[in-house]
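The structure appears below as structure tokens.
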Amino acid sequence: MIRPKSKLPHTGTSIFTQMSHLAAQYGAINLSQGFPDFDCSPRLIDLVERYMRAGHNQYAPMAGVAMLRERIGAKVEVTTGVCYDPETEITVTAGATQALFTAMAALIRPGDEVILFEPAYDAYAPAVRLFGGVPKPVTLLAPDFAINWQTVAQLMNDKTRLIVINSPNNPTARVFSDTDYRELSRLLVDRDCYLLSDEVYEHVVFDGTRHCSAAQYPELRERAFVVASFGKCYHITGWKIGYCFAPRRLTEEFRKVHQFNVFSVNTPIQYALADFLDRPEEYLGLAAFFQAKRDLLLRGLAGTPFAPLPCQGTYFLLADYSAISDQPEQTFCQWLTQQHGVATIPVAAFYTDSINQRLIRICFAKREETLEKAIERLMAVKTS
Ligand code: PMP
Ligand code: GLN
């Protein structure tokens, strides 16, 4: 029987799919895969319907509906103070995932090295490999997951083509500091090396922490593809729509791939989002909205043996379970799902070497009652 030689022989089903499946199988509360269990704004749904009924149901322009790109440009300028030209520098994509993939496709040649920080979001390394690149992970460890920039400098050489960063970070919930960005700028200046900045949680930062975009640092801006997701902004992860902004020279290469990768993205949703972007309070309110959920979870965990780690941003919180068990993370997460009815994600899944630190990732993008029910169940978990 004919069988293709796998280009990703070591890649299996993602941990998010696995844990969501296990949660469904055991009827557990699903705090694993990152998606809200509450609905998006009804106005957004009305707008999509309006544009569908008005006949906006055929291909959109390759780079995205002009009005949406203009509104994205205005949003980027308001939030970062940096101007990108909607005509030549902003592209609407089928979610952040496609933007990440397309940027990598445009840049990476066989043998190119790509620096990633682990724990890393699962989509990065397989995409690097598909284009013949070699992922070079920098390992960051709990509790602070701090980056030693000296270590990064030592990894860099003439083959280093790309560095991928993600702040606010999934899963560590850590946010890049000004020092991180300055150190990164120093490393990249005068090199033929690019930056892919995954900023999908840009609006979800807590306790007065400010999200800084890579676009705000001139040495980074000139070589950066910045990626964002409407899925995270508007509680519509299932609509798979996002965007990428980058200087013209970079966007030209990005669009060459994009036009053959997806060509264009869902038309009525683009029109709807263009209208919806007229209310910045919708995304500017996200920090307070999710901080209340994080704090509810933190108060709840205080009555359990789980020890939370600091959470500066994203809708994920890491918790240390070493007071409960010395099982590896994957086994612990299965046990917690099956025995206590709460599904979470083992942080080891975000490391190439499955480093076990007795940490789980808890998604708190959930209704209050969901979080309260989960906390009740976690309170029943006993110390060892
Ligand atoms: N990057 C990170 C860090 C994510 O957590 C996610 C998904 N939650 C994505 C990218 C993918 O975003 P999208 O669903 O818009 O493709
Ligand atoms: N980004 C989501 C998470 O981190 C998962 C998305 C997916 O399942 N691919 O949980």
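The values are calculated or read from the model by the stated rules, or taken from the named source; none is laboratory data. What you see is a predicted model, and the numbers here were worked out from it, not measured in a lab. Cβ placement follows ideal geometry from the backbone for every residue including glycine, while neighbour counts extend to all protein chains displayed.
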Tally of residues being more than 27 Å from residue 263 (Cα to Cα), charged (D, E, K, R) and more than 25 Å from the chain's Cα centre (by Cα) across region 14-68: 1
Given (1) closer than 24 Å to residue 355 by Cβ; (2) in contact (Cβ under 8 Å) with a residue 60 or more places away in the chain; (3) among the hydrophobic types (A, V, I, L, M, F, W, C); (4) within 16 Å of ligand 2 (Cβ to nearest atom), index of the condition residue 204 fails: (1)
Residue check for residue 51: more than 16 Å from ligand 1 (Cβ to nearest atom) and over 24 Å from residue 367 (Cβ atoms): yes
Complete set of residues in region 100-128 that are touching a Pro at 6+ places or on another chain (Cβ under 6 Å) and in a loop (DSSP other than H, G, I, E, B): 119
Which numbered condition residue 53 fails, given (1) surrounded by fewer than 14 Cβ atoms within 10 Å (Cβ to Cβ); (2) charged (D, E, K, R); (3) touching a residue at least 40 places away in the same chain (Cβ under 8 Å): (3)
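A quick yes/no check of all residues on (1) surrounded by 15 or more Cβ atoms within 10 Å (Cβ to Cβ); (2) over 25 Å from residue 283 (Cα atoms):
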site	(1), (2)
144	no, yes
147	yes, yes
150	no, yes
154	no, yes
158	no, yes
168	yes, no
178	no, no
183	yes, yes
198	yes, no
Failed condition for residue 13, given (1) surrounded by 15 or more Cβ atoms within 10 Å (Cβ to Cβ); (2) within 16 Å of ligand 2 (Cβ to nearest atom): (1)
Residues (more than 17 Å from residue 213 (Cα to Cα), touching a Phe, Trp or Tyr at 6+ places or on another chain (Cβ under 6 Å) and more than 16 Å from ligand 1 (Cβ to nearest atom)) located in region 72-121: 106, 107, 108
Complete set of residues in region 136-172 that are among the hydroxyl-bearing types (Ser, Thr, Tyr), over 15 Å from residue 220 (Cβ atoms) and within 16 Å of ligand 2 (Cβ to nearest atom): 172
Number of the condition not met by residue 288 [criteria: (1) surrounded by fewer than 21 Cβ atoms within 10 Å (Cβ to Cβ); (2) in contact (Cβ under 8 Å) with a residue 40 or more places away in the chain; (3) under 30 Å from residue 68 (Cβ atoms); (4) of a type outside the set (Asp, Glu)]: (2)
Flag for residue 93 being within 16 Å of ligand 2 (Cβ to nearest atom), under 25 Å from the mean Cα position of the chain (by Cα) and hydroxyl-bearing (Ser, Thr, Tyr): yes
Out of 42, 36, sole residue that is within 23 Å of residue 98 (Cβ to Cβ) and either more than 16 Å from ligand 1 (Cβ to nearest atom) or modelled with pLDDT of 95 or more (or both): 36
Region 153-206 - residue that is of a type in the set (Lys, Arg) and assigned to a loop (DSSP other than H, G, I, E, B) and, of those, farthest from residue 133 (Cα to Cα): 174
Residues of region 70-97 that turn out to be assigned to a helix (DSSP H, G or I) and either in contact with a Gly (Cβ under 7 Å, 6 or more places away or on another chain) or surrounded by fewer than 21 Cβ atoms within 10 Å (Cβ to Cβ) (or both), as a count: 12
Qualifying residue in region 336-349 (condition: over 16 Å from residue 26 (Cβ atoms), away from ligand 2 (no atom under 16 Å from the Cβ) and more than 21 Å from the chain's Cα centre (by Cα)): no
Residue list for region 16-42, restricted to those being assigned to a loop (DSSP other than H, G, I, E, B), within 10 Å of ligand 2 (Cβ to nearest atom) and of a type in the set (Gly, Ala, Ser): 32, 34
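Conditions tested, residue by residue: (1) of a type outside the set (A, V, I, L, M); (2) in contact with a Ser or Thr (Cβ under 7 Å, 6 or more places away or on another chain); (3) within 14 Å of ligand 2 (Cβ to nearest atom); (4) part of a loop (DSSP other than H, G, I, E, B).
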position: 235; (1), (2), (3), (4): yes, no, yes, yes
position: 254; (1), (2), (3), (4): yes, yes, no, no
position: 260; (1), (2), (3), (4): yes, no, no, no
position: 263; (1), (2), (3), (4): yes, no, no, yes
